[in-house]
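Shown next, in structure tokens, is the structure this report addresses.
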There are 2 protein chains.
Amino acid sequence: MNVIEADSVSLDDETGAERFDRIYCELRDRICLLTYPPGTVLSETKLAKEFGISRTPIRRVFHRLEFMGLVQIKNGVGTMVTDIDLKTFKQIYDLRKRLAEMMGELSPVEITSEHIETIDGLIERAQALADHKGAFDELARIANDLQRLLSDLTGNAPLREMIELMYYRVARIWYTFLPQFGWDKAHSGQLNELGEIRAAMVDSDIRSVGHYRSIDLQRMLTQLGRLLVEP
Amino acid sequence: MNVIEADSVSLDDETGAERFDRIYCELRDRICLLTYPPGTVLSETKLAKEFGISRTPIRRVFHRLEFMGLVQIKNGVGTMVTDIDLKTFKQIYDLRKRLAEMMGELSPVEITSEHIETIDGLIERAQALADHKGAFDELARIANDLQRLLSDLTGNAPLREMIELMYYRVARIWYTFLPQFGWDKAHSGQLNELGEIRAAMVDSDIRSVGHYRSIDLQRMLTQLGRLLVEP
DNA sequence: TAAAATCAACCTGTATACAGGCTGCGCAAT
DNA sequence: ATTGCGCAGCCTGTATACAGGTTGATTTTA
């Protein structure tokens, strides 16, 4: 009971902007983690009821998600989670590779011990998955958190916004392909990237951080291409 | 009277989405062409009256403009046209230089005779300004149209979106500085860029188009730096 | 039976009343 | 004269009724 009370009190305290962010992040994550897979129809009314508010603020969130490219709003039909064709997927990955390289070149920030601790935490979480074959959802969450860490290391604010935008636009598609790679490959691949990036971070070499990130995006594309050709 | 009738008929025919785009572009251009200079407070109610609609669709436009970084919405205060500090301005220009280079490298499109005709039209308009000292607004409109042409030449759709986003985010600031450069420098500079880009286009060399664009953005930064140091 | 019209049930879009936040003016107390 | 309070008038935020669009099942008709 106390927990519930404390929870509702903290919810009452939040401003309109904070609530907007909370609901926006919640829905974004549901889309990116495939709680709402591509094609899902979202209803303003139902979500308004779920969050205990009216349609108006939900509509605002929907329009932002549409701007991010995560949903498509159709009058009279509904708001649907978008899918991405392979051509666009590759275009975004090509772009992300370049943006990753730029991360270390445009106004880089100083790497602190906090950053190192954060990535150490991610590595620990990834290593802990060795005995949990098939925990793709935790793998995706770690990828989310790694992206957040890399955002912190991107000093050029507009560049950071774009990198995030492109990340969230394809995250769910990447997540869709993940199981097809097989658990071992996906798991070891993530551990590998985390290790490379950590090494670059302890050297305070943001340029290398971006470089490894770029390489890993290319690796993803290559593996995907192999997957699409062979079977 | 007939004109008014025809006008109102065409307005009645447009869908909600078309009206949204029309009003969005209208307000965006008013901001970029300094009809609403930075700091201007926009009122939902007044604009709703001006366009003959209710606050709701205007709010949608406002939220999009906020996402584009052109306005800031403050509860209880109003919706204000944003200003940009010099640090952010430089960050965006650094980013735009890189994006311009990428334009020719990521999935370039084929240059058609239509594209050539378009830039020839722009060059004509710019040359026609030789006898109109101080027509900075037409200079800005030509720059807008050039940006639109370059968008057409950008095959990578997400990259195109980003280039446009960053263009509109700083366009009004660039326009603010323009008169300080002096008419002759601003005018000849634009003619120069148009000529360079046209030459690259007739060679079907999009890579060079992007390169010249990048160079011109750097030139702008250099001139601005000189302006900020000397006086 | 097959095709066409109908309509009910859902969706988003719009208008509007009301709630809540911010600012600055004016008045009162010190 | 100055400081503080209160409130009017503006703003955006929210809830909600209604308008308009879309779809698909159902009924009607040839």
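The values are calculated or read from the model by the stated rules, or taken from the named source; none is laboratory data. It should be emphasised that the depicted structure is a prediction, and the values quoted were computed from it without experimental measurement. Ideal geometry is used to build each Cβ from the backbone, glycine not excepted, and the neighbour counts take in all protein chains shown.
For segment B:80-87, the condition holds for no residue, the condition being that it is at the interface with another protein chain (Cβ under 8 Å from one of its Cβ atoms), without any contact (Cβ under 8 Å) to a residue 12 or more places away in the chain and either more than 16 Å from B:Ala171 (Cβ to Cβ) or not aliphatic (A, V, I, L, M) (or both). Taken residue by residue, segment B:161-170 has no member that is free of Cβ contacts under 8 Å to residues at least 24 places away in the same chain, more than 14 Å from chain A (Cβ to nearest Cβ) and either at positive phi or surrounded by 15 or more Cβ atoms within 10 Å (Cβ to Cβ) (or both). If you take the residues of segment B:88-122 that are within 10 Å of chain A (Cβ to nearest Cβ) and of a type in the set (S, T, N, Q), which of them is farthest from B:Val71 (Cα to Cα)? So, considering only residues that are within 10 Å of chain A (Cβ to nearest Cβ) and of a type in the set (S, T, N, Q), the one farthest from B:Val71 (Cα to Cα) is B:Ser107. The set of residues from segment B:31-44 being more than 15 Å from DNA strand D (Cβ to nearest atom) and at negative phi comprises B:Cys32, B:Leu33, B:Thr35, B:Pro37, B:Pro38. Would segment B:175-183 turn up any residue that is among the hydroxyl-bearing types (Ser, Thr, Tyr), at pLDDT 95 or above and not assigned by TED's automatic domain parsing to the domain that holds B:Arg28? For segment B:175-183, residues among the hydroxyl-bearing types (Ser, Thr, Tyr), at pLDDT 95 or above and not assigned by TED's automatic domain parsing to the domain that holds B:Arg28: absent. Applying the condition of being surrounded by fewer than 13 Cβ atoms within 10 Å (Cβ to Cβ) and away from chain A (no Cβ under 14 Å) to segment B:12-36 and asking which residue is nearest to DNA strand C (Cβ to nearest atom) yields B:Asp12. Screening B:Ser204 on (1) of a type in the set (Gly, Ala, Ser); (2) in a helix (DSSP H, G or I); (3) touching a residue at least 60 places away in the same chain (Cβ under 8 Å); (4) more than 27 Å from A:Met68 (Cβ to Cβ) shows it passes everything except condition (2). Comparison of A:Gly210, A:Gly155 shows that the only residue that is closer than 30 Å to B:Glu66 by Cβ, small (Gly, Ala, Ser) and not in a helix (DSSP H, G or I) is A:Gly155. Residue check: B:Arg96 meets all listed conditions (1) farther than 28 Å from B:Asp184 by Cα; (2) in the same structural domain as B:Ile197 (by TED's automatic domain parsing); (3) assigned to a helix (DSSP H, G or I) but one, namely (1).
Within segment B:65-83, the set of residues being surrounded by 14 or more Cβ atoms within 10 Å (Cβ to Cβ), within 12 Å of DNA strand C (Cβ to nearest atom) and of a type in the set (D, E, K, R) is empty.
If we keep just the residues of segment B:67-76 that are outside any strand (DSSP E or B) and free of Cβ contacts under 8 Å to residues at least 12 places away in the same chain, which is farthest from DNA strand D (Cβ to nearest atom)? Before you say what the answer is, go through the steps one by one.
Taking segment B:67-76 as the starting set, the residues that turn out to be outside any strand (DSSP E or B) are B:67-70, B:75-76.
Among the residues that remain, those that are also free of Cβ contacts under 8 Å to residues at least 12 places away in the same chain are: B:67, B:75-76.
On the way: B:Phe67: 13, B:Asn75: 4, B:Gly76: 4 Å.
The residue in question is B:Phe67.
Screening B:Asp216, B:Asp184 for residues that are in a helix (DSSP H, G or I), out of contact with any Leu (no Cβ under 6 Å at 6 or more places or on another chain) and surrounded by 15 or more Cβ atoms within 10 Å (Cβ to Cβ) leaves exactly one candidate, B:Asp216. Considering only residues that are surrounded by fewer than 18 Cβ atoms within 10 Å (Cβ to Cβ) and in a helix (DSSP H, G or I), look in segment B:45-56 and name the one that is farthest from DNA strand D (Cβ to nearest atom). That would be B:Phe51.
Scan B:Thr88, B:Thr45 and give me the residue that is among the hydroxyl-bearing types (Ser, Thr, Tyr) and away from DNA strand C (no atom under 14 Å from the Cβ). Steps first, answer last, please.
Values: B:Thr45 fails: away from DNA strand C (no atom under 14 Å from the Cβ).
None of the other options fit; the residue is B:Thr88.
State whether the residues of segment B:89-110 include one that is basic (Lys, Arg) and more than 16 Å from B:Pro158 (Cα to Cα). Yes: one or more hits. If the condition is being surrounded by 19 or more Cβ atoms within 10 Å (Cβ to Cβ), within 14 Å of another protein chain (Cβ to nearest Cβ), in contact (Cβ under 8 Å) with a residue 40 or more places away in the chain and not hydroxyl-bearing (Ser, Thr, Tyr), then segment A:131-159 contributes A:Asn156, A:Leu159.
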